Amino acid sequence: MNKKWTKEELDNIWEAYVGNGDYMAEIDSQFRLDLGKWHFATEAPCSWCGEAMLKSAYGTTTSEQEEPCAWDVDYYNNDKEDDELPNLQPMHPWCIKEKENN
């Protein structure tokens, strides 16, 4: 993890992500998900791979093991100095690494 986020910041990041209807529609279109079946208060699809992330699984990783629904904060524009809410999104830690390497 790049930064120590407060619970309030994490809640805001999650809510901004799942509340962005245009972005959710884009993810739905890309991965052909049925977003009507998701409970966005507790789960959401990763924008990189489309697989589930659990809101409660923030930071549930160690160097040896990653929980399958874990997430960390990703910088949409890859600028880790830009902590503005529109630039932040939840994403699996392994997807963040893959995104950074592409």
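None of the figures in this text is laboratory data; all of them are computed from the coordinates on show. The structure presented is a predicted model; accordingly, all values stated were derived computationally and were not measured. We place every Cβ from the backbone using ideal geometry, glycine too, and count neighbours over all the protein chains shown.
Structure notes:
- Estimated translational D of the chain in µm²/s (Stokes, Kirkwood radius over Cα pairs; 25 °C; 0.890 mPa s): 178
- Distance between modelled label sites at residue 29 and residue 8, nm, 7 Å Cα→Cβ extension: 3.6
- Taking amide hydrogens as placed 1.01 Å from N in the peptide plane, the amide H of residue 53 sits under 5 Å from those of 44, 46, each at least 5 positions away in sequence or on another chain.
- Taking amide H as placed 1.01 Å from N in the peptide plane, the amide H of residue 76 sits under 5 Å from that of 88, 89, each at least 5 places away or on another chain.
- Summary: within the chain, the longest segment free of GluC sites (Glu not before Pro) located in DSSP loops with at most 11 other C-beta atoms within 10 Å is 1-63.
- Based on Cα contacts under 8 Å between residues 6+ apart, region 7-101 shows a relative contact order of 24 percent.
- For residue 71, the residues 5 or more places off, or on other chains, whose built amide H falls under 5 Å of its own are 58, 59, 60.
- Entries in 3/99; 37/80; 4/97; 3/55; 37/97 that, when Cα-Cα distance is taken, lie over 23 Å: 37/80; 37/97
- In sequence order, region 66-76 has phi-based couplings of 10, 5, x, 10, 5, 8, 9, 8, 10, 9, 3 Hz under the Karplus curve 6.51 cos²θ - 1.76 cosθ + 1.60, θ = phi - 60°, and Gly or Pro positions carry x.
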